[in-house]
Each structure stands twice: as C-alpha cells, then as structure tokens.
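Inspection log for the structure reproduced underneath, given as structure tokens.
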Amino acid sequence: MENSLLIGLSRQVALAREINVIANNVANVSTNGFKARSSVFEEYMMPNARAEEFPRADREFAYVIDADTPLDLSQGATEQTGNPLDVAIQGDGFLVVDTPQGERFTRNGAMQLDAQGRLVNSDGFLVLGDGGPIAVDPQATDLTISPDGVVTSAAGQFGQLRLVRFDNPQGLSNAGANLFVSEEEPMPAMDTASLRSGMVERSNVNAVLEMTRMMDVSRAYTSIAGMIQRMAELQRTAVQRLGEIA
C-alpha cells in the first residue's frame, strides 16, 4: 500500500513540474522570439531489496522521474513592425547581448537606441556586433539592417550584428528576460541564419495546444490526488481495525 502511495506521489510531482512548464509557455505566448519547452519523463525502477529478507521474491516498482525539458526550436511566425532596427532571425541563430552576468543569447530581435545611440534590446541590454556594441548616429536616415546583419544608413555603415549558433542548442539554459546561457562556445551563424529588417519573430507557443495540455495534466493531477487520498484512508482504516483486534 505504501508503495502505491509513493508511486502515485512520484507521478504527481512529475505532473506538477509539467504544469509549471506549460504555464511558463502560456505566459510567454506574446513574448518575441520565445521558444516553448516540453516535458520528458522516464521510468525509474526501484532497486531490489535483499531477497532473504522476504518470504516471497522481490517485486520491482516503477516510479516516474523528470528527465528533461527540451526546447522547441521551431521557427515562430514573423510580424512586420515598421521599426528598421527590429530583426527577425530566419534559421538557426541567436543574437548576442551583454548583461552584468556576461554574454547571453536571444531570438528576440526587437531593438532600439539607448541615450548613447547604442543598439539595445527591449530590456536595455547592449546588442553586440562583431566588434562589440554598435553605436548608431541618432540623426541618421534610411536606417536598415541587411540579411547578414550589417547596420547601415544613408551616411554609411555602423557595424555588423553578431549572429551565433550552437552544435547542441538543447544545452541552452534559460537565464531570465527571454535570454539563454550556454556552457558551449558559440560559433558564427551567418551560414545557417539570416535577418529580416523591420520585422520580429513571435513566440512559437501554440496557445490552444498548451491550454489543452494544461487541462489534461490538471485532470490527471486531480485524479492521482484523489487516489492517494483514498489509499491513505484505506491504510488508516486498516490500522484502526488491526488495533481493535489486538
């Protein structure tokens, strides 16, 4: 009976984790460049106890463990903004931004100029080019960003955006503010990605699908909670009756 409770509890913990992942996806359905995550679980076989301690052969018990939350790296829809400094990344690539914690990576191409005329993202972090931050003349006209990331105006070029990729993008970890961090050294991505000026990539979250998943997971969580409660009551009743017999 206790094993049944523990198995049910392991599944409940896994479902709670999945609800958190789904809720984060839904919360970012309107976040530019956001990449959804899913949940992957594995079966964990409880190690056998020593056979001589039991009158009958050991039984294996399968528990549920949280294995991974892989990224969905599929392309999100692009949306025209009219801002020439905005870029939508097409293909396998990330922009590089400078934060107090070091370089971070993002698919959010919504950009603007700070008080010093430097390119920053929507959270105010400097967007890096091949030579560091890119400073743009605020009085410049006909601003545009080429598919390979060169920022130009009628007066000339200001720099080239640094676009990177990773051999193992599933190794990226969320760092907050729609940014990623990686232990892997990034590589240039100009051969695998391009930029579309005046547009942004939207979130790739399918809101209808995520809400459906949330309802399914919530029902499963509630069902297991009821099962655990019934098993606990059955155990309590058994203890009480054994006490009466004694």
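Some values worked out for this structure:
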{"quantity": "Residue that is surrounded by the fewest Cβ atoms within 10 Å (Cβ to Cβ) [pool: residues in the range 13-66 that are at pLDDT 70 or above and among the hydroxyl-bearing types (Ser, Thr, Tyr)]", "calculated": "Ser30"}
{"quantity": "Enumeration of residues in the range 148-161 that are among the small types (Gly, Ala, Ser) and either in a helix (DSSP H, G or I) or open to solvent by 30 Å² or more (accessible area, probe 1.4 Å) (or both)", "calculated": "Ala154, Ala155"}
{"quantity": "Which listed residue, of Val164, Val205, is in contact (Cβ under 8 Å) with a residue 60 or more places away in the chain and either open to solvent by 30 Å² or more (accessible area, probe 1.4 Å) or assigned to a loop (DSSP other than H, G, I, E, B) (or both)", "calculated": "Val205"}
{"quantity": "Selection count, the range 167-191, where residues are of a type in the set (S, T, N, Q) and either open to solvent by 50 Å² or more (accessible area, probe 1.4 Å) or not in a loop (DSSP other than H, G, I, E, B) (or both)", "calculated": "4"}
{"quantity": "Spans of strands (runs of 3 or more DSSP E) in the range 60-129 with at least 2 residues not polar (S, T, N, Q)", "calculated": "62-68, 87-91, 94-99, 102-106, 111-113, 119-121, 126-129"}
{"quantity": "Qualifying residue in the range 193-208 (condition: aliphatic (A, V, I, L, M) and farther than 30 Å from Gly129 by Cα)", "calculated": "yes"}
{"quantity": "Members of the range 100-147 that are closer than 26 Å to Asn204 by Cα, open to solvent by 40 Å² or more (accessible area, probe 1.4 Å) and of a type in the set (Gly, Ala, Ser)", "calculated": "Ser122, Gly124"}
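The values are calculated or read from the model by the stated rules, or taken from the named source; none is laboratory data. Values in this document were obtained by computation on a predicted structure and should not be read as measured data. Glycine gets a Cβ as well: all are built from the backbone with ideal geometry, and neighbour counts include every protein chain shown. The accessibility values were calculated without ligands, DNA or RNA, using every heavy atom of the protein model including side chains. Shrake-Rupley method; radii C 1.70, N 1.55, O 1.52, S 1.80 Å.
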